[in-house]
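Please treat every number below as a calculation from the coordinates, not as lab data. Here the structure is a predicted model, which means the values were calculated and not measured. Cβ placement follows ideal geometry from the backbone for every residue including glycine, while neighbour counts extend to all protein chains displayed.
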Amino acid sequence: MILNNICKMDYNTQLKKVILPEYGRNIQNMVDYCLTVDDKDERTRCANSIINIMGNMFPHLRDVNDFKHILWDHLAIISDFQLDIDYPYEVIKKEDLLFKPQKIEYSHPDMIYRHYGKILEKMIKLATSYPESEEKEQLVWLILNHMKKSYLQWNKEVEDGKIFQDLYELSDRKIDKRGSDVKLMEAKELQRSNNSKQKSNNQKKK
């Protein structure tokens, strides 16, 4: 007798596919049964009972917005949208699941030197609009040092002349420090400053 019962057992591979595996086969079987109920009112009561059981399976999600609505959506999906009942919500439609969202195009910033970044290029553009003054000189000096720091993140070393030339090009030849006596911070000092900043950020995360 036991052998006969074992022989009659169905393997999962032989059973109907569980549409939403997170609810398990028992819920799938309940929904399949609900589909066979002829009376619509009785079918609706059966669906409500299934919803209550589904909700009890995930009590930690009860505080999630529209939790009940989500359950009814899932019930419709499990029934393959064949369950004819009076839904308390407007449930998801089958075509909504088949709809492919539009591809999001990644932005491709038009940057001359990517290692400097778009923000730095905007700062340079802003500096070109400043009238000649001590304030502008200070801003340009800060920009130059930041450019040097950014450059050193991708390269082991750099001559200040290279930074001056890049600024000249990025500013549309409006800021020219080539051949000037402007002294930028040493590479070691800039790297030490960068390391200190990273260490500070890591401590804040902890």
Restricting to aspartates and glutamates and to Cα separations under 15 Å from LYS183, and discarding same-chain partners fewer than 8 apart, the set is GLU137, GLU159, ASP160
Note, TRP154: beta-carbon cut-off 12 Å, +1 each Lys/Arg, -1 each Asp/Glu, net +3
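Peptides 60-67, 175-182: what's the order by average Cβ count within 10 Å, highest mean first?
Working: 60-67: 9.0, 175-182: 12.6.
Going by the mean number of other Cβ atoms within 10 Å, highest first, we get 175-182, 60-67.
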Here, GluC sites (Glu not before Pro) of the range 131-187 satisfying both criteria (DSSP loop; at most 16 other Cβ within 10 Å) are GLU132, GLU157, GLU159, GLU186
Shape descriptors of the range 118-191 over alpha-carbon atoms, Rg and Dmax in angstrom, are 11.7, 35
Treating every alpha carbon of the range 16-98 as one equal point scatterer without solvent, the Debye formula yields log10 I(q)/I(0) values at q = 0.17, 0.26 Å⁻¹ of -0.65, -1.48
